[in-house]
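Take a look at the structure set out below.
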Amino acid sequence: MARRGDWSRLDEADVRVRPGKGSRPRSKLRPEHADAVSAMVVGKDRGRWTCAVEKDPEHLVVAMRARELGRTSVVVGDQVELVGDTTGAPDTLARMVRVAERTSVLRRTSDDMEGYERVVVANAEQLLIVCALADPPPRTGFIDRCLVAAFAGGLEPVLCLTKADLGDPAELIALYEELELRVVVNRFDEEPDEVRDLLVDRLSALVGHSGVGKSTLVNKLVPDAERAIGAVSGIGKGRHTSTSAVALPLPSGGWVVDTPGVRAFGLAYIKPNDIVTAFPEFHAAAEECPSGCGHLGAPEDPDCYLDTVVEEGTATPGRLASLRRLLASKSEDG
């Protein structure tokens, strides 16, 4: 060994290397979780998700998001896989390890200027837009915006008109006739049998302004809705708030997602072609429009090719007018 200070005679044996912290290579392998069980998210409360194992409303489990999911978005309607204690017994907690790809999303922003979108419900098959015919009067701008969100998110929209004992639905139905929209009409003093039939064995979301009778409708569809909401939120951290969605099981099969009443339905994330996609007769033709075309026609978009589709007789003027009304609703107050 070289003497201290004689650097010319040093070799690798004289070099002391202190291992650094975390020098052990980190494995990229993740557990397969072969024993994970499938579940649907039915509620969320402050960092805890209530899940129905195999969509069984009697088998509810509280879960937290596993570390490997990071900040993956998880909302009501998501199909997830759970490990750990999935018995649903009091004071137990499972881990959510996987979130399946979504088949549809209902999204909104607080307003049209906000860039951050919120997914309200995932994997719903249809969206029931609940609107009163009177007290409060119908707001077509809000209906149009909900239709836009449904078309863009892959949901089948249904217009659900309430309080038919206070107003005539004919005018409103005629306004949406060209959209070939399913419309159901309800009265306060009658059972919503037509709505109930639409929901059987499906995952459906309800949206509407406060006061339009959405809660009354939910209570008729799910007689023990208050108890069900308590079961969903009570096994989490204690309460269901009016700002969160909750999925409720229907007695005849299926689930209905009660979303909170909203004042505005922002569509900042929506692009014009997202809406045109829902109109098959215009979808391909939109590719012929100039770059950046909003498809609104003159004077905003004088070279919009969709007018040519109508001139050729491939589509009706009413369908184009309805499409453009929906497109214009993005920039109007809902």
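The values are calculated or read from the model by the stated rules, or taken from the named source; none is laboratory data. Given the structure is predicted, the values throughout are model-derived calculations rather than measurements. So basically every Cβ, Gly included, is an ideal-geometry build from the backbone, and we count neighbours across all protein chains shown. Note: accessible area is taken over every heavy atom of the protein model, side chains too, but ligands, DNA and RNA are not part of it. Shrake-Rupley method; radii C 1.70, N 1.55, O 1.52, S 1.80 Å.
Couple of notes before you dig in:
- Qualifying residue in the range 82-95 (condition: within 30 Å of P272 (Cβ to Cβ), open to solvent by 60 Å² or more (accessible area, probe 1.4 Å) and hydroxyl-bearing (S, T, Y)): no
- Subset of the range 51-72 (residues that are open to solvent by less than 60 Å² (accessible area, probe 1.4 Å), under 21 Å from V257 (Cβ atoms) and part of a loop (DSSP other than H, G, I, E, B)): P57, H59, T72
- Test result for R145, out of contact with any Cys (no Cβ under 6 Å at 6 or more places or on another chain), more than 22 Å from E194 (Cβ to Cβ) and either open to solvent by 20 Å² or more (accessible area, probe 1.4 Å) or free of Cβ contacts under 8 Å to residues at least 40 places away in the same chain (or both): no
- Each residue in the range 259-317 was checked for being within 14 Å of F151 (Cβ to Cβ), open to solvent by less than 20 Å² (accessible area, probe 1.4 Å) and touching a Gly at 6+ places or on another chain (Cβ under 7 Å), and 1 of them qualify.
- Taking each residue of the range 249-263 that is of a type in the set (S, T, N, Q) and looking for partners that are at pLDDT below 85 with beta-carbon atoms closer than 8 Å, six or more apart or interchain, yields nothing.
- Selection from the range 86-101 of residues that are within 17 Å of H59 (Cβ to Cβ) and in a loop (DSSP other than H, G, I, E, B): T86, T87, G88, A89, P90, D91, T92, L93
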